[in-house]
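Step one of this worksheet: look at the structure below.
Since every read-out is calculated from the coordinates, none of them should be taken as a lab result. What you see is a predicted model; the values in this text were computed from it and never measured. We place every Cβ from the backbone using ideal geometry, glycine too, and count neighbours over all the protein chains shown.
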């Protein structure tokens, strides 16, 4: 039986890769994408809904509820958001609204991207927000949740980020010595994160709340068995 998927944040670095995987995977028959702007993508499986994310809760109320899985790939940066309040809207308020809706309409599976180092007690604002989001979502009654924690993401972005380019270079140089507890900090391609997310979403046995670190995402993308 084929599955129906909803993706929120499908035009971002990982989100685009998730959409591509969904559209080319025969196990999915329909993909709905909530997006801020119309894309040029054309596919018989794809349904795009251009929305105002500030009205996300109202949009969700009127949305079809027959999805098997929801992928939340929302995220921004402080530089792009320009303020903590704007950052919180994208990285906390919107994803939490999606998760609460998933709980309310009883969709069985949610995959939500947070970040490596997510910790509600972190002294760093970015990591603390991601950790607080995970805590809130953990308290919800959703059958299966995967918290996706990628390290530095590699891939073609719409904008140039100097800091991330330097990080990519350092990551490649240091990768051979990043073993053991440091393995999860290795940089990872966005397409590999997306591939791992699709594999996780097709698992049938793993109910509950699961934290998937970057190294495990890479293993999944390399087709190793998730346990």
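By counting other Cβ atoms within 10 Å of each Cβ, how are 71, 94, 44, 126 ranked from fewest to most?
The order, fewest Cβ neighbours first, is 44, 126, 94, 71.
I need 144, 2 ordered by Cβ neighbour count within 10 Å, fewest first.
Ascending Cβ contact count within 10 Å gives the list 2, 144.
Would you calculate the separation in nanometres between label points at residue 143 and residue 42, each defined as 7 Å from the Cα along the Cα-to-beta-carbon direction?
Rounded to a tenth, the inter-label distance reads 3.7 nm.
Of the candidates 151, 214, 122, which one comes out as most mobile in a Gaussian network treatment of the chain with C-alpha springs shorter than 10 Å?
Between 151, 214, 122, it is 122 that shows the largest mean-square fluctuation.
Would you mind classifying the chain by shape? Square roots of the alpha carbon gyration tensor eigenvalues, ordered a ≥ b ≥ c; an a/c under 1.5 is rounded, otherwise it is prolate if a/b is larger than b/c and oblate if not.
Because its axes are fairly even, with a/c under 1.5, the chain counts as rounded.
For the range 12-49 and the range 62-127, what is the centre-to-centre distance using only Cα atoms, to the nearest Å?
With the range 12-49 and the range 62-127 each reduced to a Cα centre, they are spaced 18 Å.
What is the fewest-to-most order of 223, 132 by other Cβ atoms lying within 10 Å of their Cβ?
223, 132
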